[in-house]
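Okay, so here's the structure we're looking at.
A short reminder: the numbers here are calculations on the coordinates, not readings from a lab. None of these values were measured; they are calculated from a predicted model. In this analysis, Cβ positions are derived from the backbone assuming ideal geometry, glycine residues included, and neighbour counts consider all displayed protein chains.
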Amino acid sequence: MNNVKVFGLMALMTALLMGAGFLIGGNQGMIIALLFAGGMNVFMLFSSHKMVLRMYKAQVVDRSQAPQLYEMVDRLRQRAGLPMPTVAIAPQDQPNAFATGRNPENSVVCVTSGLMRLLGKEEMEGVIAHELAHIKNRDMLLQTVTATMAGAISMLAQMAMWARIFGGGDRGGAGQAIGAIAMIILAPIAAGLVQMAISRQREFKADAVGAEICGRPLALASALRRLEAGARRIPMDVSPAAAPLAQVNPLAAHGGGMSKLFSTHPPMDDRVAALERLAQRGPRG
């Protein structure tokens, strides 16, 4: 059911993109908007992992530099049936982790130094398994596409605004002008909300698959609680564009209240409750 929801949200994102393109150039504008987003996606697929590692100030490590972490990732990725990902460590005090890359063959699992100091072995395995689940589910590809489309929609909406200002904004009558203005204002907001909804759906699925990989749903639930508490207490200097990739919201210490409504991560109580239900069912036979 989650995949059906994600498909519907992606269709809505595409419609918003085409609508923003139509405001600029009519039917041709819609086609150009799709081609433009496609070109941006190709670029992001091949360079996004390098950009994300830079945003988190992360460094790639090998087995000799971080033997326990490397061996843990290696053991769990074999259990998940995945190729060995690149392993990286971000020198951040906040406990957190993320995965990036365009496919399982070109993937990266990164943890912060704060996470390595905070968690024990079983909780650490749960965190790594969650990130491997994102790789197994190919979530990085989906997140790259949605982020690119959301950015393209915002850019096209701005272009449409300036086109109406300098290109004769009164064409089509008052009703059409009001509709166009509403589209210019609301399309970027709607695109951001769709991106957040997709990200939330993928987090729930990664929790479930990660629990299967590590075999300990409650260890992952405990780790998530500790990561969220750490993220609220310890700020992280990272771009908001990279925040959806992290296992818990890395910007939690920077705001509250209404910011929770627009978080790309599901409420922690809901994530933990889902993992507790998985633990009560026991291992699948």
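For the stretch 42-73, state which trypsin sites (Lys or Arg not before Pro) are in a DSSP loop and have at most 16 other beta carbons lying within 10 Å of their beta carbon.
K57, R63
Given H placed 1.01 Å from N in the peptide plane, which residues other than close sequence neighbours of V61 have an amide H under 5 Å from its amide H?
V87, A88, I89
Once the other residues with Cβ under 10 Å from the Cβ of G215 are scored (Lys, Arg +1; Asp, Glu -1), what is the net sum?
Summing Lys/Arg as +1 and Asp/Glu as -1 gives -1.
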